[in-house]
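Please treat every number below as a calculation from the coordinates, not as lab data. Everything numeric in this text was worked out from a predicted model, so none of it was measured. Note that we place each Cβ from the backbone using ideal geometry, even for glycine, and neighbour counts take in every protein chain shown.
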Amino acid sequence: MVVNLWATWCPPCRREMPVLADAQQRESAVRFVFANQGEDRETAQRYLTAAGLELANVVIDPGARIGREIGSGSLPTTLFYDASGRLVDTHLGALSAASLASKLRSLRN
């Protein structure tokens, strides 16, 4: 599972979102969860619609509790969990297509 913490006001989040959306479409064996931090559903949905992004598993966390709980002080933060539910990797900052592909390969192994 890949959990991405993001917000609409975050330029690096906006840059990586199409990469993550493409991966979600291609990687049927990996569950992607997009946890919007600190915003309401309308703000997040307005951005996703304007950007032409159709994502499954968008979670709204208006209090940014998830980020605080995992100790993330910046966005975007992406968490990678193995099939046993263990956190195996974390990435701070925008993911490129190449870095995401590398991390997904590690998850499969």
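Points to keep in mind about this one:
- Restricting the stretch 6-99 to GluC sites (Glu not before Pro) that sit in a DSSP loop and have at most 12 other Cβ atoms within 10 Å of their own Cβ leaves Glu54.
- Scalar couplings 3J(HN,Hα) for the stretch 93-103, obtained by applying the Karplus form with A = 6.51, B = -1.76, C = 1.60 to θ = phi - 60°, are x, 5, 8, 8, 4, 5, 5, 5, 4, 5, 5 Hz; x denotes Gly and Pro.
- Relative to the Cα centre, the charge distribution of the chain, modelled as +1 at Lys and Arg Cβ and -1 at Asp and Glu Cβ, gives a dipole magnitude of about 220 debye.
- Taking the chain and dividing mean pair separation by its residue count, relative contact order in percent (alpha carbons under 8 Å, at least six apart): 33 percent
- For the stretch 1-69, the list of trypsin sites (Lys or Arg not before Pro) that fall in a loop by DSSP and count at most 13 other C-beta atoms within 10 angstrom reads Arg31.
- Note on the chain: helix-only mean residue ellipticity at 222 nm, from DSSP H runs of 4+ residues weighted -39500 (n - 2.57) and normalised by residue number, equals -12000 deg cm²/dmol.
- Of the residues Ala50, Ala21, Ala35, the one that moves most in a GNM of the chain with alpha-carbon contacts below 10 Å is Ala50.
- Other-chain or far-sequence residues with amide H under 5 Å of Val33's (modelled H): Val2, Val3, Asn4
- Calculated from backbone phi, Karplus (6.51, -1.76, 1.60) coupling profile of the stretch 87-92 in Hz, x at Gly/Pro: 5, 10, 7, 9, 10, 9
- The 3J(HN,Hα) values that the Karplus relation (6.51, -1.76, 1.60; θ = phi - 60°) gives for the stretch 5-11 are, in residue order, 9, 8, 8, 5, 7, 9, x Hz. Gly and Pro appear as x.
- Share, in percent, of DSSP beta bridges within the chain that are antiparallel, nearest 5: 50 percent
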